[in-house]
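Since the structure comes first, as structure tokens, the remarks are kept for the end.
All of the numbers you see were taken from the coordinates with simple rules; none came from a lab. This structure is a prediction, so every number in the text was calculated from the model and none was measured. A quick note on method: Cβ atoms are made from the backbone with ideal geometry, for glycine too, and the neighbour counts reach across all protein chains shown.
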Amino acid sequence: MIEVNSISFRYRQEWVLQDVSFRMEKGEFVGVIGPNGSGKTTLLKMLYRLLSPQKGEILFELVPMKKMGRTDIAKRIAVVAQETQLLFPFSVLETVLMGRSPYLGQLMFESEKDLEIAKKAMEWTETLSFSDRAMDELSGGERKRVFIARALAQEPEVILLDEPTANLDIHHQMDFLDLILTLNREKGLTILMASHDMNIASEFCDRLLLLQGGRIYKIGTPDEVITKENIARVYGCEVWVDQNPFSGMPRINLMKKGVREEDETLGRD
Amino acid sequence: MKIITFKKVLTISILLSLLLVLVILVSITMGSVKVPPFRSIRILFQSIVGLKGAGSETERTIILSLRLPRAILAGFVGAGLSVSGAAFQALLRNPLADPYILGVSSGAAVGAIIAILLGLSTFSLGLPLASFLGALLTILVVFYFGRQEGKIHPNTLLLAGVIIGSFLSALIMFFISISQKEELHTIIFWLMGDFSFASARAILIIFPYILFGVFLLYLRSRQLNLILSGEEHAVQLGVDVERVKLICYLSASLITAASVSVCGLIGFVGLIIPHSVRLILGPDHRLLIPSAALVGASFLIASDTFARTILSPTELPVGVITAAFGGPFFIYLLRTRKVVKTL
């Protein structure tokens, strides 16, 4: 579905992304992980062409993205990125209806059909009950769900998520990720999520892409990517990796300084 | 569920248009020469259908050639400043933005002052044309320096505007310091905003620019909503952001240029009218732009009527009234309605 062919990108001098290539199939849930400044957000911005690579190209269903129109991209790829400050807040419903924008073209007003689609999106995300509230009256978790509703109103094939669980407590993190997983499994949406939380990425994603300094260090299943060695090489810190006893997925355990040395003996176990 | 529909925009626009008509009617009956209200209105309506029955020749001249053109001019300027203020607030994502923020007004002032000092203001259109030219030149310079690699970065543009504005202010102060006493009075009144420079022909010159600019902005009002939510959001939703921004910035600047060139720097209208309307009707530009235009027009006509009657026969600059009435009213709105979050 998405084919990234050795793209490189730089803002000024330094390359932020170098020779990155990977493919995503329809219906996949892929996580992008890596340290601060490894190029996660930049990669996401390439995938909806906020930025274009200086080298290489990105194909969306075999069509080069630079040949697609802005609205074509917005009809197929939705983005839930880090939030910007709300200056004059719109209502929840108004925000979700903005997701219909790529379909309106020159039209000034949304139709009944657009309203129906927005309502459905709000049912999925359980935001319908507070549709008339202003966006700045919502909690962080509610606001995130509204932006997912807006993304669904775009009727996309792909949703790109940038650090979606940052600033959410674990309850809202779980709710949010369950919703994303449902959309992935039941609606067949292709998901790409950049995240700092490797345990979440390991638990929810089919495949992981580990970035280091703008290059792909490792790509594969969570089992292949999240290992003690890879983490040590990419992040430069010692962690203990075991398995989540319920899901069997790799799990990262952080330890404080004194405990870390004992880990050596455990490791030889 | 509350959504913005064409019907809603139309209904509110019609209601506000009625308000505007009412304000115009009240305005033409008031002035230092007393013409009874009903006779004034009869004069107006009879002239519309082409009759000449009511009133004396003098009364007809006062109503039709002096008060009515002045009210219409104030209406266009009030509408223009309000709409361009709303647009600048959205484009710069800054609640303190107003039509003068990019220095266009300072350019207009320099043009006007040069015209006054050279004696051009004695020609009927010398003053507005010179100040319009000054404003247009300023727009060119600000956009030349404010864009980078063909893109508009709001902060860069803002900085370019503010700095060029300061430079022009220095010029203004220089001109004021070398000007004679009679010229000084004209200059100061122009700087405070004054419709006594207005003529019927001035309307014909500025209304195409204001109408065209407002129309262009209205066509982009849905995209302006998305830009208000953040430029990256707008890109995510398929908006060609750079193109829309360029069109909107230029339209808003052109409206400002046309407005200030006929009546000087009327402060406050472009700042408080958009905020007031937004506080009551919400931030959606599809409703905000027409409503702000109609409310702004009514407000400025009413202010100008006060300005020319309150100390009659002496006329005050209208800017004095807009600030004196607008400021407290805006504070009242801020206190009673939901406060603008970032202000």
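The set of residues in region B:173-225 that are in a helix (DSSP H, G or I), among the basic types (K, R) and surrounded by 20 or more Cβ atoms within 10 Å (Cβ to Cβ) contains only B:R222. With respect to A:T182, is the statement that it is under 20 Å from A:F246 (Cβ atoms), of a type in the set (S, T, N, Q) and in a helix (DSSP H, G or I) true? When the stated conditions are applied, A:T182 passes them.
Looking only at region A:57-83, how many residues end up being basic (K, R) and more than 8 Å from every other protein chain (Cβ to nearest Cβ)? Give the derivation first.
Taking region A:57-83 first, the residues basic (K, R) are A:66-67, A:70, A:75-76.
Add one more test, that the residue is more than 8 Å from every other protein chain (Cβ to nearest Cβ), and what stays is A:66-67, A:76.
Summing the residues that are basic (K, R) and more than 8 Å from every other protein chain (Cβ to nearest Cβ) in region A:57-83 gives 3.
When A:F88 is tested against the conditions (1) surrounded by 23 or more Cβ atoms within 10 Å (Cβ to Cβ); (2) facing another protein chain (nearest Cβ under 9 Å); (3) within 22 Å of the chain's Cα centre (by Cα), the lone failure is (3).
Tell me whether region B:301-311 contains one or more residues that are assigned to a helix (DSSP H, G or I) and within 14 Å of chain A (Cβ to nearest Cβ). Full working, then the answer.
Keep residues of region B:301-311 that are assigned to a helix (DSSP H, G or I), which gives B:301-309.
Narrowing the set further to residues that are within 14 Å of chain A (Cβ to nearest Cβ) leaves none.
Looking through region B:301-311, none of the residues is assigned to a helix (DSSP H, G or I) and within 14 Å of chain A (Cβ to nearest Cβ).
Does B:G75 satisfy the criteria of being more than 25 Å from B:L211 (Cα to Cα) and either in contact (Cβ under 8 Å) with a residue 60 or more places away in the chain or surrounded by fewer than 24 Cβ atoms within 10 Å (Cβ to Cβ) (or both)?
no
Taken over region A:92-149, the criterion of being more than 9 Å from every other protein chain (Cβ to nearest Cβ), surrounded by 20 or more Cβ atoms within 10 Å (Cβ to Cβ) and of a type in the set (S, T, N, Q) is satisfied by A:T125, A:T127. Residue count for region B:102-120 satisfying the condition of being touching a Gly at 6+ places or on another chain (Cβ under 6 Å) and within 30 Å of B:R278 (Cα to Cα): 5. Return yes when B:R70 is in contact with a Phe, Trp or Tyr (Cβ under 6 Å, 6 or more places away or on another chain) and among the basic types (K, R) and no when it is not. Yes.
When you look at A:V92, is it in contact with a strand residue (DSSP E or B) (Cβ under 6 Å, 6 or more places away or on another chain) and either touching a residue at least 40 places away in the same chain (Cβ under 8 Å) or over 21 Å from A:V158 (Cα atoms) (or both), yes or no?
Working: in contact with a strand residue (DSSP E or B) (Cβ under 6 Å, 6 or more places away or on another chain): no; either touching a residue at least 40 places away in the same chain (Cβ under 8 Å) or over 21 Å from A:V158 (Cα atoms) (or both): yes.
Spelling it out, it is not the case that A:V92 is in contact with a strand residue (DSSP E or B) (Cβ under 6 Å, 6 or more places away or on another chain) and either touching a residue at least 40 places away in the same chain (Cβ under 8 Å) or over 21 Å from A:V158 (Cα atoms) (or both).
Just one of the listed residues (B:A112, B:A130) is of a type outside the set (V, I, T), in contact with a Pro (Cβ under 9 Å, 6 or more places away or on another chain), closer than 27 Å to B:E183 by Cα and in a helix (DSSP H, G or I), namely B:A112.
Just checking, which of A:L208, A:L161 is part of a strand (DSSP E or B), touching a Pro at 6+ places or on another chain (Cβ under 6 Å) and crowded, with 19+ Cβ neighbours inside 10 Å?
On the way: A:L161 fails: touching a Pro at 6+ places or on another chain (Cβ under 6 Å).
On inspection, the qualifying residue turns out to be A:L208.
Taken across region A:34-47, residues that are within 14 Å of another protein chain (Cβ to nearest Cβ), within 21 Å of A:F147 (Cβ to Cβ), free of Cβ contacts under 8 Å to residues at least 24 places away in the same chain and over 17 Å from the mean Cα position of the chain (by Cα) do not occur at all.
Output the residues belonging to region B:101-129 that are touching a residue at least 24 places away in the same chain (Cβ under 8 Å) and over 17 Å from B:I188 (Cβ atoms). Working first, answer last.
Keep residues of region B:101-129 that are touching a residue at least 24 places away in the same chain (Cβ under 8 Å), which gives B:101-114, B:116-117, B:121, B:124-125, B:127-129.
B:I101, B:L102, B:G103, B:V104, B:G107, B:S124, B:L125, B:P128, B:L129 - these are the residues of region B:101-129 that are touching a residue at least 24 places away in the same chain (Cβ under 8 Å) and over 17 Å from B:I188 (Cβ atoms).
Restricting attention to region B:168-225 and to residues that are of a type in the set (K, R) and under 30 Å from B:I3 (Cβ atoms), the residue that is nearest to the chain's Cα centre (by Cα) turns out to be B:R220.
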